[in-house]
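Q: One structure follows; several queries about it will come next.
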Amino acid sequence: MRRKVTVFIIVTISYLLQVTLFEALSFASISPNLLIIVVSAFGFMRGKKEGLFVGFFCGLLLDLFGGSVLGFYALLYMYIGYLNGFFRKLFYPEDLKLPLLLIAGSDLGCNLCVYVILFLLRNRFQIRYYVLHIMLPELVYTMVVTIFLYPLILKVNERLELIEKRSASKFV
């Protein structure tokens, strides 16, 4: 129960920061995608199932409060969390390269899916503009924020695992 409440708080704070503070700090109307960081981090730290649920909840927040199609971001983020869960066996807390690589891949994949489904299918073929002016700047901004946000998420996860191990050892 404690984990669920903590994940809910992390997702809510990340969403609020993404739509308020980082919108105000945007460069050329590009802001970092904090929810991709959260979904990817929980996916590869906790596995496919938790990545799927966190991704669904994050995407649903985006759909409810700003999406044009209900369920699009929920489904997209759910897949991203699930796919990051496959890398749980490769996850080491002291390694920062794998999380950065996975979060970068998740951000690029998410933006590519958004382009294909929301723009390309409506005959907007400016992929070069979209890549150079939206995808790459958002990727760089997200990676910079990841360097600071990911260690916080990692510490919270380690603390929760320690608490869960202590409470589980009481019942054995």
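The values are calculated or read from the model by the stated rules, or taken from the named source; none is laboratory data. All values derive from a computational prediction rather than experimental measurement. Positions of Cβ are backbone-derived with ideal geometry, glycine not excepted, and every protein chain shown enters the neighbour counts. Quick note on the areas: whole protein, heavy atoms, side chains included, nothing else; ligands and nucleic acids left out. Shrake-Rupley method; radii C 1.70, N 1.55, O 1.52, S 1.80 Å.
Q: Normalised by the residues of the chain, what does the relative contact order come to in percent, with Cα pairs under 8 Å and at least six apart?
A: Relative contact order for the chain comes out at 23 percent.
Q: If R₀ is 30 angstrom, what is the calculated FRET efficiency for the pair LEU96 and ALA168, using the beta carbon separation as r and rounding to 0.05?
A: Details: r = 29 Å, r/R0 = 0.96.
In this case the efficiency is close to 0.55.
Q: So what are the radius of gyration and Dmax for the Cα set of the chain, in Å?
A: Just the Cα atoms of the chain yield Rg and Dmax of 16.5, 61 Å.
Q: Still on this model: Under a 5 Å amide H to amide H cut-off, with H placed in plane at 1.01 Å, what residues pair with GLY67 once short-range neighbours are removed?
A: For GLY67, no residues qualify.
Q: Something else: Can you compute the FRET efficiency between ILE147 and PHE86 using 1/(1 + (r/R0)^6), with r the Cβ-Cβ distance and R0 = 35 Å? Round to the nearest 0.05.
A: 0.90
Q: How many nm is it between the label spots at ARG2 and ILE134, if each spot is 7 Å from the Cα in line with the beta carbon?
A: For the pair ARG2/ILE134, the computed spacing is 4.3 nm.
Q: Work out the charge dipole of the chain with +1 on the Cβ of Lys and Arg and -1 on the Cβ of Asp and Glu about the Cα centre, then indicate which of THR20, ILE37, TYR130 is farthest towards its positive end.
A: Towards the positive end, the residue furthest out is ILE37.
Q: Report PHE65's accessible area, 1.4 Å probe, all protein chains in place, as a number in Å² to the nearest 10.
A: Estimated to the nearest 10 Å², PHE65 gives 140 Å².
Q: How much FRET efficiency would the formula 1/(1 + (r/R0)^6) give for ILE9 and LEU118, where r is the Cβ-Cβ distance and R0 is 22 Å, rounded to 0.05?
A: Details: r = 30 Å, r/R0 = 1.37.
After rounding to 0.05, the efficiency reads 0.15.
Q: What is the gain in length, in nm to one decimal, between LEU160 and LYS49 on full extension, counting 0.36 nm per residue of separation less the C-alpha to C-alpha distance? Please list the in-between numbers first.
A: Numbers: separation 111, 0.36 × 111 = 39.96 nm, distance 1.71 nm.
Once the chain is fully extended between LEU160 and LYS49, it gains 38.3 nm.
Q: Related question: For the chain, what % of the accessible area comes from carbon and sulfur atoms, probe 1.4 Å?
A: Percent of accessible area from carbon and sulfur atoms in the chain: 71.
Q: With every protein chain present, what is the per residue accessible area of the chain (1.4 Å probe, Å²)?
A: Working: 10150 Å² over 172 residues.
That works out to 59 Å² per residue.
Q: Just to check I understand the Karplus step: with θ = phi - 60° and J = 6.51 cos²θ - 1.76 cosθ + 1.60, what whole-Hz values come out for the stretch 40-50, glycine and proline as x?
A: Rounded to whole hertz, the list is 5, 4, 5, x, 8, 7, 10, x, 5, 5, 5.
Q: For the stretch 146-157, take each phi angle, set θ = phi - 60°, evaluate the Karplus expression 6.51 cos²θ - 1.76 cosθ + 1.60, and give the result in whole Hz per residue in order, putting x for glycine and proline.
A: Per-residue couplings from phi come out as 4, 4, 9, 7, 4, x, 5, 5, 4, 4, 4, 5 Hz.
Q: Spelling out what I want: for every residue of the stretch 118-126, take phi, set θ = phi - 60°, compute 6.51 cos²θ - 1.76 cosθ + 1.60 (Karplus), and round to whole Hz; glycine and proline get x.
A: 8, 10, 4, 6, 10, 6, 10, 9, 7
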